[in-house]
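Laboratory data are not the source of any read-out in this text; all were calculated from the coordinates shown. Just so it is clear, the structure is predicted and the values come from calculations on it, not from any experiment. FYI the Cβ positions are ideal-geometry reconstructions off the backbone, even for glycines, and counts take in every protein chain you see.
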Amino acid sequence: MKRMLNKLWDFARNEQGTATLEFVIAFPFMFSMIVLTFDSGLLMTKYVVLENALDRVVRDVRLVGISNGEAGATYFKEQVCDIAALIKDCEESLHIEMTPINTGALFSPAAVTCVDRNAANPAANSVTPGQPNEIVYVRACLVVDRYFPSALSGIFSVDASGGIQLVADSAFVTEPL
């Protein structure tokens, strides 16, 4: 019995392999943090590109104008996606809303409408350019996929298709003709 306790005591005092144990414990955490940082950085890059593209197109629309309805929405989406060349499948994943603001009442935007990639008929874009000297609120919602969807999946909220919704908004005053 004493011999068995001595062997157990010798095993407990042995320091061989301690670096391996520390590596096995720390590596998964550190690797997941690197992957999450990379994934978050790419999402943030796509968001910044979307925001920049929306601002540039809104500047053009403010000065030149845009047509009502689906023709205006198609033009707007094409222009945003031409500028945001980094975003894959931009026109299929982008939803545009353009709504005049009634300055005589409190404005609170409706819930965000994004593209439902699982639906057979996606929601129609709503583009109402507004009258001269009217404030117009513009919102773009882009659904993108993560590069590492299983890495720390609880960090990001996802829609039914597994995509993340990036929402950019802007406002402008319609110039008088």
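Protection proxy ranking for 95-101, 2-8, 124-130, using the average of other Cβ atoms within 10 Å per residue and placing the highest first: 95-101, 124-130, 2-8. Farthest toward the positive end of the dipole of the range 16-173, out of Ala110, Phe23, Ser157, is the Cα of Phe23, where the dipole comes from beta carbon charges about the Cα centre.
Against the chain, whose longest principal axis comes from its Cα atoms, helix 2-13 is set at around 40 degrees. Highest mobility in the GNM of the chain, judged by mean-square fluctuation with C-alpha springs under 10 Å and restricted to Arg13, Arg59, Arg139, is found for Arg13.
Here, the range 109-172 yields an orientationally averaged convex hull projection of 5.6 nm² when only Cα atoms define the hull. Relative contact order of the range 16-173, taken over Cα pairs closer than 8 Å and 6 or more residues apart, is 27 percent. Note on Asn133 and Glu78: with the Förster distance fixed at 25 Å, the Cβ-Cβ geometry gives a FRET efficiency of about 0.40. Using R0 = 30 Å, the C-beta based FRET efficiency linking Ala105 and Ser67 works out to 0.70. Values [x] 170; [y] 150; [z] 111 are given for comparison; volume of the Cα convex hull per residue in Å³, derived from the coordinates here, is the one labelled [x]. Between Ala12 and Ile25, the modelled labels are 1.7 nm apart [label points 7 Å from Cα along Cα→Cβ].
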